[in-house]
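Following: one structure in structure tokens, then a few remarks.
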Amino acid sequence: MQVERVDFVSVLTQDLERAKRFYTEVLSLEVESEGESDMELSCGQVTLDVFDPSSIGQPFAVSPAGLALRVEDVDAARAELEGKGVVFDGETIVTGVCKQAWFKDPDGNALMLHRRFDV
């Protein structure tokens with residue numbers, strides 16, 4: 001088997017309308033498609049699927065792993081989001097390879113602003 005690419009990644013929500021406001025108004029992502037229980041958003045080179053698992057009888061669970069959103073300037077993007085009311089989980093982290101700032105969506109799913117130094 002050879003994987004061609006990632007078509008989409010998913011995060012779960014308990015309130016699709018609240019999630020839509022956050023991802024479109026706060027993060028400025030564009031809706032590609034939406035249905036009764038999910039929406040797909042354009043997120044760079046991959047689609048982000050935001051899905052309500054109760055629609056298929058499954059429980060909600062927070063994704064703690066973290067979706068890294070590549071931005072040109074982590075500090076500027078953080079300031080913009082803070083201006084929109086986003087609360088970050090601690091200070092911006094600088095490692096040997098990247099800069100990152102962690103926050104959560106309204107459902108508690110982990111997200112981060114991220115920029116590698118070598119790109």
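The values are calculated or read from the model by the stated rules, or taken from the named source; none is laboratory data. None of these values were measured; they are calculated from a predicted model. Note: ideal-geometry Cβ built from the backbone for every residue, glycine included; neighbour counts use all protein chains shown. Each accessible area value is taken on the protein alone, full model and side chains, heavy atoms only, with ligands, DNA and RNA left out. Shrake-Rupley method; radii C 1.70, N 1.55, O 1.52, S 1.80 Å.
Filter the range 50-91 for residues that are in contact with a Phe, Trp or Tyr (Cβ under 6 Å, 6 or more places away or on another chain) and either without any contact (Cβ under 8 Å) to a residue 40 or more places away in the chain or among the hydrophobic types (A, V, I, L, M, F, W, C) (or both) and give the result.
So in the range 50-91, the residues in contact with a Phe, Trp or Tyr (Cβ under 6 Å, 6 or more places away or on another chain) come out as 53, 86, 88-89.
Result: V86, F88, D89.
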Applying the selection to the range 6-49, what residues are in contact with a strand residue (DSSP E or B) (Cβ under 9 Å, 6 or more places away or on another chain), farther than 22 Å from E82 by Cβ, free of Cβ contacts under 8 Å to residues at least 40 places away in the same chain and not aliphatic (A, V, I, L, M)?
-> E30, E32, S33, E34, S37, D38, E40, S42
So which residues in the range 88-119 are part of a loop (DSSP other than H, G, I, E, B) and among the polar types (S, T, N, Q), if there are any at all?
-> T92, T95, N109
Among (1) in contact with a helix residue (DSSP H, G or I) (Cβ under 7 Å, 6 or more places away or on another chain); (2) surrounded by fewer than 19 Cβ atoms within 10 Å (Cβ to Cβ); (3) within 18 Å of D15 (Cβ to Cβ); (4) not basic (K, R), D105 falls short only on (2)
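Does S10 satisfy being in a strand (DSSP E or B) and open to solvent by 50 Å² or more (accessible area, probe 1.4 Å)? Please lay out each step first, then the result.
Values: in a strand (DSSP E or B): yes; open to solvent by 50 Å² or more (accessible area, probe 1.4 Å): yes.
Spelling it out, S10 is indeed in a strand (DSSP E or B) and open to solvent by 50 Å² or more (accessible area, probe 1.4 Å).
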